[in-house]
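Let me begin by presenting the structure, written as structure tokens, before commenting on it.
No lab work stands behind these numbers, since they all come straight from the coordinates. Since the model is a prediction, treat every value here as computed from it, not as a measurement. Cβ placement follows ideal geometry from the backbone for every residue including glycine, while neighbour counts extend to all protein chains displayed.
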Amino acid sequence: MRDLILEKKKDIVKRWIELTIDTYPPEGGSFMKNQKNQFANPVGAAILNGAETLYKWIMSGDKDLSPDVVRRLDDVIRIRAVQQFSASDAVGFIFLLKRVIRETLLRDALKDKNDLQELFDIDSRIDSLALHAFNMYMKCREKLFEIRAMEIRNRTSRILERACMKYGAPHEW
Amino acid sequence: MELHDLPKPQDLMNIDLNKPPETGWMDTPTVFRNGTYSYPAAGKNLKILGLANPRQWSPADEDWKLPENWKEIILQGMKERLEKYRSFRLFMDICVRCGACADKCHFFIGSGDPKNMPVLRAELIRSVYRNDFTLLGKMLGRLGGGRELTIDVLKEWFYYFFQCTECRRCSVFCPYGIDTAEVTMIGRELLNLVGLNINWVIEPVANCYRTGNHLGIPPHGLVDMWQFMTDDIEDITGIKIDLPINKKGAEILFVTPSGDYFADPGTYTCMGYMMLFHELGLDYTWSTYASEGGNFGLFTSHEMIKRLNAKIYAEAKRLGVKWIIGGECGHMWRVIHQYMETMNGPADFLEEPVSPITGTKFENAKQSKMVHITEFTSDLIKNGKLKLDPSRNDKIIATYHDSCNTARAAGLLEEPRYVIRNIMNNFYEMPENTIREQTFCCGGGAGLGNDENIEMRMRGAFPRASALRHVVDKHAVNRLLCMCAIDRATLTALCHYWAPDVTVGGIHELLANALVMKGEKERTVDLRGEPLGDEEEDE
């Protein structure tokens, strides 16, 4: 089965990207698929590069996420964490890969027990990636709240600091 | 296990991911999700300005407490504006929906939401125009692209016209020259007629109207703040600056955004101006009345732009100056460059600006009599009037974000770059389709840079951030330069989220770092109080 997966890698990744982009409104999605310049279409570029790198990791035997994989996953999650998605929608695109693999391979590939074992392995790697993604999503959301708090604090901190200096009050805080 | 015993893929994939609406854009209602809209204007601020329908309300509520005849008011307002502004009628009629602008908006690129395509954003209002103001629309209705103005349409206007930063990137690509920002401006004017506005715009406007600046700081408060800055400058350089304030008969009036008085990192840029003018021995003055370059009237209505901008010429006249220098502000320059003469001119009591240091005539400012600080400074550098030590900025590896309004509205593309290249050694440009005329907005202009709108801001900020991250990866850039007070605030949040190792700052902060001043002590720290050199190397 692994041979087949390797052979069909291009189709699988392509379909995964398609399904992920389909979570956007069609007009936005068609732009993300067609505009090739990464700076004109940074969301599309992040999904494209992300899918390829993540797929490679899932099919590899690597235990930990390499810095490159972390960065690519973070790129996609950081974007989806501020878009019009619920938490499950934001990270759920990872599970779409299960669907793609089943649709692409199931009929041809599952010939014996080993194949099934392999499929389960892939499934659990996808699950593990999704858990990583969930951690990243939470970090992004926490960051947003932190920025909000920081902005509110900074609006007056300088004035307070100056006022304290002027009237001799301690201003360390 | 047999194959047929396996669960179906659909059963395993029991997650129903976000499905886009199946209705057409005209019938898809707006969802007000927390983090994607700005809080409405407080009634007290509307009262100060004499604006319509002061009350407490929330966009998330079903009932927006509108006047009963809101529809009549809006349609009448549209009629008046179609007659008054030729550009508005032209922009309503001329669009052929070619799509050139469609993918140029940072909010569309960052969100994928089709109503953030400039063409569709304008279509929100254009559909009502067709329905009520064109014969074809009246006859054909929906078939002719017309749409009745309903409460849902009005809510959609509020959501999307306060989701446009008026950055005008889309207009660069329009073959007909449609300025979609002006459509947004009219949209906001109309919304104001029934009391639909946001507090982040209206509160600065109300403050400005009363005290001259966005933060509502009275004159003695400003003087205090400025003097604190001169104290900091003395600590860093050993030079005590005696700041000219409200000085009658000075040659030049200096006007800059008040954001730079209180909020870091703008304060460092403000200190930079003070140091530069002191070193030149310039005969100029600060003003506690014209204490704000920014003009959030631009995000409210044409009448409000005029009302707030009047103070600059009024103060110039009162003090008897010859001409005016304006600081590093963004939308201030759109107002000065494109509306000031018509609204508040002619400034025939002022003289054509001539630099007292180099003798250069600023012919481009003949009409407004206002010169941008980077025009003034780049001329000084070109004529060798400044002693600069760029190595003092060696710790900084910078890139430059063209602020939308200075770049697209005022054409200031080369001057800031010329200054930057002369004050530092490490400068790298972002990719060319993200700078100069094509620069991407910070995502928080036009009054949208408030904290409650943070999610939307980060979506809009992503195109800029993606270009920034490219130069961070490639050249280890650690400073994002800009010349706009809104940028200095909003890009700071952008960097926190998208590029945490990058700090934000203005150009004149770095100029003042590099400026070798007469009688200064040996500089050990920069304007931020951080060591100039690499400490480890010093040891």
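How many angstrom separate the Cα center of the stretch B:249-265 from the Cα center of the stretch B:69-119? That distance is 35 Å. Of the trypsin sites (Lys or Arg not before Pro) found in the stretch A:17-91, the ones in coil according to DSSP and having at most 15 other Cβ atoms within 10 Å of their Cβ are A:Lys36, A:Lys63.
Just in the stretch A:77-173: which GluC sites (Glu not before Pro) are loop by DSSP and have at most 11 other Cβ atoms within 10 Å? The qualifying sites are A:Glu172. Among A:Asp127, B:Asp526, A:Asp115, the ranking by other beta carbons within 10 Å of each residue's beta carbon, starting with the fewest, stands as A:Asp127, A:Asp115, B:Asp526.
Counting only helical runs of four or more DSSP H residues, what would the 222 nm mean residue ellipticity of chain A come to if each run contributes -39,500 (n - 2.57) and the total is spread over all its residues? Kindly include the intermediate steps, with their values, before the conclusion.
Working: 8 runs with 135 residues, N = 173.
Helix contribution divided over all residues of chain A: -26000 deg cm²/dmol.
If I take all pairs of Cα atoms in chain A, what percentage of them are more than 29 Å from each other? Tail of the P(r) past 29 Å holds 35 percent of the pairs.
How many nm is it between the label spots at A:Thr156 and A:Asn114, if each spot is 7 Å from the Cα in line with the beta carbon? For the pair A:Thr156/A:Asn114, the computed spacing is 6.9 nm.
Cysteines of chain B lacking any other cysteine Cβ under 4.7 Å from their own Cβ: B:Cys95, B:Cys98, B:Cys105, B:Cys164, B:Cys174, B:Cys208, B:Cys270, B:Cys329, B:Cys442, B:Cys482, B:Cys484, B:Cys495. The alpha-carbon of B:Lys395 sits under 15 angstrom from the alpha-carbons of these aspartates and glutamates, leaving out residues fewer than 8 places away in its chain: B:Asp501, B:Glu509, B:Asp526, B:Glu530, B:Asp534, B:Glu535, B:Glu536, B:Glu537, B:Asp538.
Inter-label distance, B:Thr28 to B:Ser391: 5.8 nm, where each label sits 7 Å from its Cα along the C-beta direction.
Beyond 22 Å in Cα-Cα separation lie the following of the pairs A:Lys143/B:Lys115; B:Lys361/B:Lys385; B:Lys84/B:Lys306; B:Lys385/B:Lys521; B:Lys322/B:Lys387: A:Lys143/B:Lys115; B:Lys322/B:Lys387. Helix B:414-423 and the longest principal axis of the C-alpha atoms of chain B enclose an angle of approximately 50°. Peptide A:90-103 is shielded by partner chain Cβ atoms: per residue, an average of 3 of them sit within 10 Å of its Cβ. Per residue, chain B reaches -13500 deg cm²/dmol at 222 nm when only DSSP H runs of four or more residues are counted, each adding -39500 (n - 2.57).
Per-residue Cβ counts within 10 Å, from other chains only, averaged over B:312-321: what number is that? Before the final figure, lay out the partial values.
Numbers: counts 0, 0, 0, 0, 0, 0, 0, 0, 0, 0.
Across B:312-321, the average partner-chain Cβ count within 10 Å equals 0.
Here the dipole of the stretch B:25-197 is about 320 debye; that uses its Cα centre as origin and unit charges on the Cβ of Lys and Arg (positive) and Asp and Glu (negative).
May I ask for the net charge around B:Ile202, where only other residues with Cβ less than 12 Å from the Cβ of B:Ile202 are counted and Lys, Arg are +1 while Asp, Glu are -1? Could you put the intermediate results ahead of the total?
On the way: positive: B:Lys44, B:Lys47, B:Arg188; negative: B:Glu203.
It works out to a net charge of +2.
With coordinates expressed along the principal axes, the C-alpha atoms belonging to the stretch B:101-206 extend over 43, 33, 24 Å, beginning with the largest. In this rough spin-label picture, where each label sits 7 Å from Cα along the Cβ direction, the A:Asp68-A:Lys36 distance is 2.3 nm.
Strictly greater than 13 Å: what percent of every Cα pair in the stretch B:66-134 meets that? Roughly 69 percent, rounded to a whole number. Each of A:Ala81, A:Val43, A:Leu106 was scored by the projection of its Cα onto the charge dipole of the stretch A:1-129, and the greatest displacement toward the positive side belongs to A:Val43; charges sit on the C-beta of Lys, Arg, Asp and Glu. Each Lys or Arg adds one and each Asp or Glu takes one away; over the other residues whose Cβ falls under 10 Å from the Cβ of B:Gly293, this sums to -3.
Relative contact order for chain A: what is it in percent, counting Cα pairs under 8 Å that are at least 6 residues apart? Display every interim value, and only then the final one.
Numbers: 113 pairs, mean separation 39.5, N = 173.
Relative contact order comes out at 23 percent.
For chain B, the Cβ-based charge dipole about the Cα centre amounts to some 2220 debye (Lys, Arg positive; Asp, Glu negative; other atoms uncharged).
As a proxy for reagent exposure, B:Val223, B:Val502, B:Val183 were ordered by neighbouring Cβ count within 10 angstrom, fewest first; the result is B:Val223, B:Val502, B:Val183.
Our analysis of the stretch B:204-538 gives Rg over Rh at 0.94, with the two radii drawn from alpha carbon positions and Rh computed by the Kirkwood formula.
With the convex hull of its Cα atoms as the shape, the protein assembly as shown has an orientation-averaged projected area of 34.9 nm². Principal-axis analysis of the Cα atoms of chain B puts helix B:118-133 at an angle of about 60° to the longest axis.
Compute the whole-percent fraction of alpha carbon pairs in the stretch B:25-197 spaced more than 25 Å apart.
On the way: 4575 of 14878 pairs.
When all Cα pairs of the stretch B:25-197 are counted, 31 percent exceed 25 Å.
Neighbour counting of Cβ atoms within 10 Å sorts the residues B:Met430, A:Met32, fewest neighbours leading, into A:Met32, B:Met430.
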